[in-house]
């Protein structure tokens, strides 16, 4: 048990599951097995004292959702169906390759992919978004299924400015684009928006989770590159970072344009994105702690193998700790001020990007 400073004692199972959680854990598999992993983790631990401090300190923090209205994104100036569709389609293309923009130099210093757009040199994921927006504005049919299916090395070099900048895993990104185009042609009448349309339930609502037919479920099933799982102590662990991020950003972008494209009950089932910046920030805050051997590797820029025990624990406990933070904060807030994983994800991600005195772990992967 741990005790919130509100004076209420809470079983971990109560905070994580809640009255609605039996159904939730069946629908979003990324919520499965987190407590079991935390109980047996050998490399990453949660400091419940620091977790409690964060909850109390941020109980009435103004957790905002991002509008994704930076210059590298489509403008939030229209509430029209076409404008939302165009914005969401570009987001799906970008999130398909939204992974690993940092690479290590020979001296293990961190370097990031860069792209100049609008007179600004962007780096990391924002550089990728800048490259895609620039492509869309210069006549490249970047959301066209046929074009995606046949994209080649020359297209990648031109779109991402690779004569002037280094982008990790170019071949893997090209392969993903080709996969997306081919699947869209085969299953979705060559339309990205049809992926959204085919998630609709009997009430006509586009869904994130819908008994195997929601957006996240369709992405990981029909587009294999979106699938993101591992095995820990003989059991499958699900993360699905890029698929969930696609749903998050689509919801947030549409909301910024005045439309709610997914029901709140689905949005509330999403987890934070198990990536680089969130565990870095949780570690900086003291909420999660690394073993001595793992801390040495991370701080020295030594790569952590994808799907290794260390990496799985970093990602799983990032999701679990974030879930505890959300639920702990919500115990102290009125109904109208309750938050969800999207609020916590953006809060930690944004803080992590600004935190330059700590290193995140480095893993070569297309998962995140």
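Read the figures in this text as sums done on the coordinates, not as results from a lab. What you see is a predicted model; the values in this text were computed from it and never measured. FYI the Cβ positions are ideal-geometry reconstructions off the backbone, even for glycines, and counts take in every protein chain you see.
Observations, loosely collected:
- Each peptide in 129-135, 52-58 gets a packing score, the mean of other Cβ atoms within 10 Å over its residues, and the list from highest to lowest is 129-135, 52-58.
- Relative contact order of the range 93-170: 30 percent, from C-alpha pairs under 8 Å at least 6 residues apart in sequence.
- Taking all C-alpha pairs of the range 168-217, those more than 15 Å from each other amount to 54 percent.
- Candidates 326, 170, 44, ranked by Gaussian network fluctuation over the chain, Cα under 10 Å, top entry: 170
- Using equal-weight Cα scatterers in the Debye expression, the normalised intensity of the range 73-181 in log10 at q = 0.13, 0.19, 0.22 Å⁻¹ is -0.48, -0.99, -1.28.
- Peptide packing for 240-252, 211-223 was compared via the average number of neighbouring C-beta atoms within 10 Å per residue; ordered from the highest value, the list is 240-252, 211-223.
- Base-10 log of normalised Debye intensity for the range 138-283 (one unit scatterer per alpha-carbon) at q = 0.08, 0.14 Å⁻¹: -0.27, -0.82
- Pairs of C-alpha atoms in the range 312-368 farther apart than 20 Å represent 37 percent of all such pairs.
- Normalised by the number of residues in the range 129-175, the mean separation of alpha-carbon contacts (under 8 Å, six or more apart) gives a relative contact order of 35 percent.
- Volume per residue of the C-alpha convex hull in the range 22-112, rounded to whole Å³: 249
- CD proxy at 222 nm, helix term only [per DSSP H run n ≥ 4: -39500 (n - 2.57); per residue of the chain; nearest 500]: -14000 deg cm²/dmol
- Kirkwood-based Rg to Rh ratio, the range 209-350, C-alpha trace: 0.98
- Matching label, Rg and Dmax of the Cα atoms in Å computed from the structure shown, candidates [x] 20.1, 62; [y] 20.5, 65; [z] 43.0, 184: [x]
- Summary of the geometry: the range 262-320 and the range 100-166, compared by the centres of their Cα atoms, lie 26 Å apart.
- Taking all Cα pairs closer than 8 Å and separated by 6 or more residues, the relative contact order of the chain comes to 25 percent.
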